[in-house]
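All remarks here apply to the structure that follows.
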Amino acid sequence: MIKPDRIVTTTCPYCGVGCNLQLYVKDDHIFKVASPFDSPVNHGNLCVKGRFGYDYVYHPKRVTTPLLRKIPQTPGKRTQAFDLSDWREVTWDEALDHVADRLIEIYKRDGSDAMAVYACAKATNEDNYLLQKMYRAIFRTNNIDHCTRLCHAGSVVALQQAVGSSAMSNTASQVSQNDVFIVTGSNTTENHPIIALQMKDAVRKHGAKMIVVDPRRIELVDFAEMWLPLKPGTNVPVFSAMAHVIVQENLVNHEFIANRTEGYQEFIKSLEKFTPEYAGEISGVPADDICKAARMYAGAKNAAIYWGMGISQLSHGTASAMALIHLAFLTGHIGREGTGLNPLRGQNNVQGASDMGCMPFHYPGYMRVDDEQNAAVWEKTWNVEAGGLSRKLGLTTTEILGQVHEGGIRSLYIMGENPMMSEPNLNETRRHMEQLEFLVAQDIFITESAAFADVFLPATPFAEKDGTFSNTDRRVQRVRAAHNPRGQARVDWQIICALALRLESRLGSFNQPETRLNSAFWEYSHPSDIFREMAGVNPDYAGVTYERIDNVGLIYPVPDEAHPGTPTLFTEDFPRGRGKFYPLDYVPAMEAVDDEYPFILTTGRVLEHWHGGSMTRNSSLNSVFPEARMEMHPADAEIHGIRNGDPVRVTSRRGEVVLRVIVTEKTTVGVVFIPFHFVEAAANLLTNDALDPQAKIPEFKACAVQVFPARMEELANPAAMVDRGRY
Amino acid sequence: MAITFFMDGKEIKTEEGKTLIEVARENGINIPSVCVHEATKANALCRICVVEVEGQRVLQPACIVKAANNMKVQTRSGKVLRARRTILEMLASTIDLSDAPEIQNMMAEYGASFNRFPDAKRRESEIQDDNPMYIRDYSKCLLCWRCVQVCADDAQYTFAINFSGRGFETQVGTFFDRAIPETSCVLCGQCVAVCPTGALKPKREFLLEQGLSPQDIGVLNSGRKKRK
C-alpha cells in the first residue's frame, strides 16, 4: 500500500461532466485517482478516462522546453516537424521575444485583421480569459474562437435565437426527476459516461422512460422504451413531425404557449407538411413510432431533452436544435426541475471557454462585441482608450483558416487545440496551415497542428495548474495542481502574461498615439486575481469566488455573493423575454449518397479516447483502443464480402483512409461510423466542410463514402488489433 | 413515522425505515462493518456488524435490520464481541489482510488473533494482470461483493463480474473466466475504488509497490507483463 504525500482535490480534464477527482500523489507523480462518494456531480463514479487516463502528463513525448524551428518557415512552404531534431531548444526569453517580435511585426504591417487566435476548451477559465484579453486589448481583433464552433455551435445559435441563453437549462442530475426523456445525437454512454449512469438510474430506479433517437444502436438503447433509428441528417423532419402530432392531437400546453412564447401561429402553419408519414419516408423511422414518441413526450408530467453532436454537427445544425426547442415550447417542458433543453457539452471547459468570451461575437458573459455599451465596459476594465476595442464581429474557427492568404489572416496563435485533427476536410486544412506566415503553438505535445508551428511554448496539463473549469451543468469548479510543471513548462496564464507584457512594450504608443501609454494589466499573482477581474464584469459569475467554490462548485448564474446558484433556468421567463418559434424547412445533408459513394459516413468518439487524441493517445488508454475501426452493419458487410477485422479503404470526394472494419449492429444499414481520434486513419480527411449558414459548424455527421477491400499491410499498424468485449 | 427504541440502553428517537447501522452512526455509536459501503446496497455478507436484539434467537446484521419501535439492541454484548472476533479470525486465517488497514485495526480492537485457526487452508491465487488499468489479487479478497455491486446496478450497469464457484472455492470472476478486456468491462475502475482489502488495485500503484520507480513505469501500455 503506497502512502500518498498528498491528496489533491480537482476536476477531471476530460468531458463536460466535470467529475470531482482526488489525485493521490507520491514523489511528484500521480499514482491513483479516486473520487469522493458524496461529490455532487458524479457521486464517486468515474469512467476509464477520468480514473486511469491521466498518465499522458508523464509521457516521454511531452515537450517541456521552449522550441524554435531550425529552418525558418515561409508561407506556402510551411512543413510539419514532429521530430525534436527539427527544433532548437531555447530559453523562455528567446522564445517569447521571438513570438512578440513576429506578432508585432505582422500587426504593425497588416493590422488587426491579420491576427487570429484559437483558445482552448481544455484550459482553465483563467487561461482562456487572458488569451482573449490579449488579442482584444492588444491586437484589437475579435478573431478569437475555439472548438465550440466544431461541436455545439448549432445548438448555441438556435438557443440564443429562441431563448437567449445557450447552456443547459437544467442540470444532468435532474434526469432522475424526468418521467420521460429524449436522448438524441448523443452516445452518452461513451461520451458522457457518468451522465449515462444517471440516465440508467432514472430508468431502472425512478421509473423514467427513455426515447433514443439516433442512427446508431447505442448502448443506451438497452435501457430505452423506444429507439427511433433515423438516417443521419434527418433530425428536422423527425422532430417536426413529432411537433405536428402534438399539435394535431392537441397535446400542446396552451397556457405556456400563450404566456411564454411568440410566433406560434406562423409556426404551426409551417408544420403542415411535416406529417409522420412524410418524416418516416425521409428518415426511415416508422410513422407510428414518431406518433408514439410524440405522445409520450407531450403526455409526461416532466420531460426533458438531452442532445449531442448528432444534432448540431450538420449543415442545418441550427435548424436541428431549433426543432428540439420547439418541442419544449409546445409542451412547456422547460423552466421546471426535471425538464429542459440540455445540450451535453463535450469538453471539460468548453462551457467556460465560451463564457470567457473566446468567441468572435462575444466578450466574456456573452456580451456582443458590436454593442457600444459592452465595448465601453471592457475598455474601462482593460485600460483601453475609448473606442479602441474592435466593434467588428470576428471570424469563426472554420473561417479563420479559410482566410489565410495575403491580405487575410497572416498569423495564428493556437493554445491547446488541434485543428489538423478536428477540422473537416483535413487536406484543405493542411493547405491553409501551410499558407500561414507565423504560427505559435502553446501545448504539451507536438500535435499535428503544433508540428506546423514556428515556435512551441511548453504549457501545462490540468494536473500542474490552478484555476477553474465550468462544466456542462454550468457548475464552476476548482482545478488544483498536483505537482509543479515538468521541466521548464509553464502554466498557461503565466505564459500569456509574460508574452502580453512583451507585446505591450514593443507596441509602444502604436494603438494609442494620442493618449498616454496604458497597460491592460498582466501582473497577476494567482489565478484567483484573474477570476476576480472577469467576475467583476461578467454578470453570470458575479457572485462566484474561489472561497465559495473551495469545496463544492457553484452553478451560474450567481448574481451576487449571497446567491446559492441557479440549477434550473427560465423558471419565470427567458433571457430574450418570450421564447420564439422559428418555422423550419427540411434541408437534406449537403452530400447525398449515390452509386459512386453509396454509404453515409457519420463520425464520433469512443469511450477510451477524446477528441484529437493528444491526451488519450499518449496515455495508457491507447493500449486498450489502439487503432481506428470503422463500424459497418452485418448486412452491408455481407454484400461487400467484408469480414470483421478486415482492412478497408474508405474514400470520399475529399480524401481516403485505410482502417480495420468492425462488423456490428451498432450501426444501421447504409451507415458507417468512424471515430475521429486517430491520425493514422483520420476520419476528418473524409468529412465534408460544408457549413451551417448561421452557426458555421461543419457537417461532420453526414457525408458520402465508398468502401473497398484493402490489404493488411496498408494498415498503419497491422498488429494493433485489440479484442474488446464491451458493447 | 417517529419511533423510539433503545441502543446500548440509550433511548433513541428516529424515523421508521432506517437500518440499525444508520441510526447508530447518527448517534455516535460505532458498529463496525466491512461489506457495507455508502455506494452500495447493504447485503449482510460480512456479518461484522452483527448486534444482539432482545427477543431474537441469533445475532442480527445491523446493516439490513431496521430499527423498530421499542426494540432493545446491544451493540457490544459479550456474544456480539465474540462473534465479531471470530469472524475476523476466520478472515485472517484464510485471506491476506496485509493491504486492509481498517480490518487490521478491527482485529486489534477486538483482540482477534491472526493465528486462531493455524491449520486453515489459505485462499491463494495468482495475481491476475490482464489489463493496463488494474490488477486482481484474489488472495486478498474477502468476498464482500462491493465490486460486483458497483459493476452492476449500484453504479456502472456493466455486469462484467460476479461470484463464481461454491463454498470455499467461491471467488469473484468474469464470465467464462475471460480476460478483463474481453468481458463487458468498461475499465471504469469503480470496483477498485470500493475494494476494502487491496485485492483490486490500480496497476500503477501495484508496480510502485513492486519497487519500480515512476520513471520506470512511464505510460502503461499493456497488460500481461511483469506478472508476479
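The values are calculated or read from the model by the stated rules, or taken from the named source; none is laboratory data. Everything numeric in this text was worked out from a predicted model, so none of it was measured. Here the Cβ positions follow ideal geometry from the backbone for every residue, glycine too, while neighbour counts run over all protein chains shown.
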Name the one entry in A:Gly357, A:Gly365 that is under 17 Å from A:Thr148 (Cβ atoms) and surrounded by fewer than 24 Cβ atoms within 10 Å (Cβ to Cβ). A:Gly365
How many residues are closer than 30 Å to B:Cys188 by Cβ and surrounded by fewer than 23 Cβ atoms within 10 Å (Cβ to Cβ) if we restrict to segment A:646-660? 1
Exactly one of these conditions fails for B:Gly223: (1) under 26 Å from A:Ala720 (Cβ atoms); (2) surrounded by 21 or more Cβ atoms within 10 Å (Cβ to Cβ); (3) at pLDDT 95 or above; (4) not basic (Lys, Arg). Give me its number. (3)
Consider segment A:628-645. How many of its residues are buried (at least 20 other Cβ atoms within 10 Å of the Cβ) and in a loop (DSSP other than H, G, I, E, B)? 3
Read through the list (1) under 20 Å from A:Val180 (Cα atoms); (2) in contact (Cβ under 8 Å) with a residue 60 or more places away in the chain; (3) surrounded by 23 or more Cβ atoms within 10 Å (Cβ to Cβ), then give the number of the only condition that A:Gly233 fails. (1)
Flagged in segment A:110-165 as over 26 Å from A:Ala386 (Cβ atoms), small (Gly, Ala, Ser) and surrounded by fewer than 24 Cβ atoms within 10 Å (Cβ to Cβ), in numbering order, are A:Gly164, A:Ser165
Among the residues listed as B:Lys72, B:Lys79, the single one being more than 18 Å from the chain's Cα centre (by Cα) and within 18 Å of B:Pro32 (Cβ to Cβ): B:Lys79
Restricting attention to segment A:25-63, and to residues there that are more than 8 Å from chain B (Cβ to nearest Cβ) and among the hydroxyl-bearing types (Ser, Thr, Tyr), which single residue is surrounded by the fewest Cβ atoms within 10 Å (Cβ to Cβ)? A:Ser39
Out of the residues in segment B:148-200 that are in contact with an Asp or Glu (Cβ under 7 Å, 6 or more places away or on another chain) and more than 8 Å from chain A (Cβ to nearest Cβ), which is surrounded by the most Cβ atoms within 10 Å (Cβ to Cβ)? B:Ala199
Tell me which residues, restricted to segment A:430-448, are within 17 Å of A:Gln73 (Cβ to Cβ) and out of contact with any Gly (no Cβ under 8 Å at 6 or more places or on another chain). A:Arg430, A:Arg431, A:Met433, A:Leu436, A:Glu437, A:Phe438, A:Leu439, A:Val440, A:Ala441, A:Ile446
Of the residues that sit in segment A:368-425 and are in contact with a Phe, Trp or Tyr (Cβ under 8 Å, 6 or more places away or on another chain) and polar (S, T, N, Q), which one is surrounded by the most Cβ atoms within 10 Å (Cβ to Cβ)? A:Thr397
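Rundown of residues vs (1) touching a residue at least 60 places away in the same chain (Cβ under 8 Å); (2) within 29 Å of B:Cys191 (Cβ to Cβ); (3) outside any loop (DSSP other than H, G, I, E, B), yes/no style:
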site	(1), (2), (3)
B:Cys35	yes, yes, no
B:Glu38	no, yes, no
B:Lys41	yes, yes, no
B:Ile48	no, yes, no
B:Val58	no, no, no
B:Ile64	no, yes, no
B:Ala68	yes, no, no
B:Val73	yes, no, yes
B:Leu81	no, no, yes
Residue under question is A:Asp93, and the condition is that it be within 30 Å of B:Pro132 (Cα to Cα), without any contact (Cβ under 8 Å) to a residue 24 or more places away in the chain and more than 14 Å from chain B (Cβ to nearest Cβ); does it hold? no
Residues in segment A:243-258: is at least one in contact with a strand residue (DSSP E or B) (Cβ under 7 Å, 6 or more places away or on another chain) and more than 14 Å from every other protein chain (Cβ to nearest Cβ)? no
Subset of segment A:457-502 that is among the aliphatic types (A, V, I, L, M) and assigned to a helix (DSSP H, G or I) - its residue that is nearest to A:Ser39 (Cα to Cα): A:Ala463
Go through segment A:167-179 and report how many residues are buried (at least 24 other Cβ atoms within 10 Å of the Cβ) and touching a helix residue (DSSP H, G or I) at 6+ places or on another chain (Cβ under 8 Å). 4
If I ask for residues that are polar (S, T, N, Q) and within 14 Å of chain A (Cβ to nearest Cβ), which ones from segment B:86-132 would you list? B:Ser98, B:Gln104, B:Asn105, B:Asn131
Those residues of segment A:2-19 which are within 20 Å of the chain's Cα centre (by Cα) and either part of a loop (DSSP other than H, G, I, E, B) or within 13 Å of chain B (Cβ to nearest Cβ) (or both) amount to A:Cys12, A:Pro13, A:Tyr14, A:Cys15, A:Gly16, A:Val17, A:Gly18, A:Cys19
Here is a check on your reading of the model: is A:Trp522 within 23 Å of A:Pro461 (Cα to Cα), outside any loop (DSSP other than H, G, I, E, B) and in contact (Cβ under 8 Å) with a residue 24 or more places away in the chain? no
When residues of segment A:529-541 are filtered for being touching a residue at least 40 places away in the same chain (Cβ under 8 Å) and assigned to a helix (DSSP H, G or I), how many remain? 7
From the list A:Pro598, A:Pro588, A:Pro575, A:Pro626, pick out the single residue that is within 14 Å of another protein chain (Cβ to nearest Cβ), out of contact with any helix residue (DSSP H, G or I) (no Cβ under 6 Å at 6 or more places or on another chain) and touching a residue at least 40 places away in the same chain (Cβ under 8 Å). A:Pro626
Candidates A:Glu219, A:Glu249, A:Glu225, filtered to the one that is assigned by TED's automatic domain parsing to the domain that holds A:Ala323 and closer than 20 Å to A:Gly332 by Cβ: A:Glu249
With the condition kept exactly as written, say whether any residue in segment A:301-313 is surrounded by fewer than 23 Cβ atoms within 10 Å (Cβ to Cβ) and either touching a residue at least 60 places away in the same chain (Cβ under 8 Å) or among the charged types (D, E, K, R) (or both). yes
I'm checking my understanding of the structure. Among residues of segment A:189-224 that are of a type in the set (S, T, N, Q) and within 12 Å of chain B (Cβ to nearest Cβ), which one is farthest from A:Gly604 (Cα to Cα)? A:Gln198
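A quick yes/no check of all residues on (1) at pLDDT 95 or above; (2) surrounded by 19 or more Cβ atoms within 10 Å (Cβ to Cβ); (3) within 21 Å of A:Ile325 (Cβ to Cβ):
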site	(1), (2), (3)
A:Ser528	yes, no, no
A:Val558	yes, yes, no
A:Glu561	yes, no, no
A:Leu584	yes, yes, yes
